1. Are any residues in the stretch 137-154 farther than 18 Å from Asn72 by Cα and assigned to a helix (DSSP H, G or I), and if so, which ones?
2. Please give the number of the condition Glu82 fails out of (1) modelled with pLDDT of 90 or more; (2) assigned by TED's automatic domain parsing to the domain that holds Val67; (3) at positive phi.
3. Cβ-Cβ below 7 Å, separation at least six or inter-chain, first residue in the stretch 1-25 and under 18 Å from Ile37 (Cα atoms), second small (Gly, Ala, Ser): which pairs?
4. Test of understanding: among Leu68, Leu120, Leu129, Leu107, which residue is under 24 Å from Leu14 (Cα atoms) and surrounded by 15 or more Cβ atoms within 10 Å (Cβ to Cβ)?
5. Examine the stretch 87-95 for a residue that is assigned by TED's automatic domain parsing to the domain that holds Ala39 and aromatic (Phe, Trp, Tyr), and state whether such a residue exists.
6. Condition (residue is of a type in the set (Gly, Ala, Ser), farther than 20 Å from Ile86 by Cβ and either assigned by TED's automatic domain parsing to the domain that holds Leu78 or in contact with a helix residue (DSSP H, G or I) (Cβ under 7 Å, 6 or more places away or on another chain) (or both)) applied to the stretch 130-143: is it met by at least one residue?
7. Can you tell me how many residues within the stretch 144-184 are surrounded by 12 or more Cβ atoms within 10 Å (Cβ to Cβ) and either touching a strand residue (DSSP E or B) at 6+ places or on another chain (Cβ under 8 Å) or charged (D, E, K, R) (or both)?
8. If the Cβ limit is 8 Å and pairs must be 6+ apart or interchain, which residue in the stretch 72-94 that is under 29 Å from Glu141 (Cα atoms) pairs with which residue that is of a type in the set (Ser, Thr, Tyr) and assigned to a helix (DSSP H, G or I)?
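The values are calculated or read from the model by the stated rules, or taken from the named source; none is laboratory data. Just so it is clear, the structure is predicted and the values come from calculations on it, not from any experiment. All Cβ positions, glycine included, derive from the backbone under ideal geometry; neighbour counts span all protein chains shown.
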Amino acid sequence: MSLDITFTLSDDDLARFQAIVDKSRHIKHGDGTHAQIEAAARGLIDESRSGDLPQFIAERVEQLDVVLNMINDDEWQLTAEEREAILQALAYFCEAEDLIPDHVPGLGFLDDAIYVEVVLKELQHEIELYREFCSFREAEEARRQARGEDVKVGREAWLADKRAALHAKMRKRRMINEQRFRLF
């Protein structure tokens, strides 16, 4: 028997959570530890795959994989600023003193799962467009292979147009969202 649980975070809850996130972003940014941030996020994903986390937490944490793939995909070509912004969003996973200490059995990673949801919502458009890029790349590789072509020949050229179009959409959406939030 499964059970659906829904809860709402109050403004005070969100403010408290945001304070912890801001602290981790500041500390990690000052240290310049991009590799440490990626390693912490990857470690959380690995832990979710080991079966040691409750399923409802593991399912959410697993979704971070696409974010890490996105920032490390050389063919997607994020700018240094875009990559930095995403890494700072992931910095929370390096924080030893997060909202619920990770050593609390059964619930220690609940705050991490909640924050994964926040990150995924914040990066929703970027993730959608990255997935579209990956689907295009796979389909184009398959099409070229089926015709007996070498997928490496002219690869950058056939990826460049699709990437440019998707990046333009991504940056336009981000600019619109930033302007929308400035109004409040």
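1. Hits for the stretch 137-154 are Ala139, Glu140, Glu141, Ala142, Arg143, Arg144, Gln145, Ala146.
2. The single condition Glu82 does not satisfy is (3).
3. Ser24/Ala91; Arg25/Ala91
4. Leu120
5. Yes, the stretch 87-95 contains at least one residue that is assigned by TED's automatic domain parsing to the domain that holds Ala39 and aromatic (Phe, Trp, Tyr).
6. No; the residues of the stretch 130-143 include none that is of a type in the set (Gly, Ala, Ser), farther than 20 Å from Ile86 by Cβ and either assigned by TED's automatic domain parsing to the domain that holds Leu78 or in contact with a helix residue (DSSP H, G or I) (Cβ under 7 Å, 6 or more places away or on another chain) (or both).
7. 9
8. Asp73/Tyr130; Trp76/Tyr130
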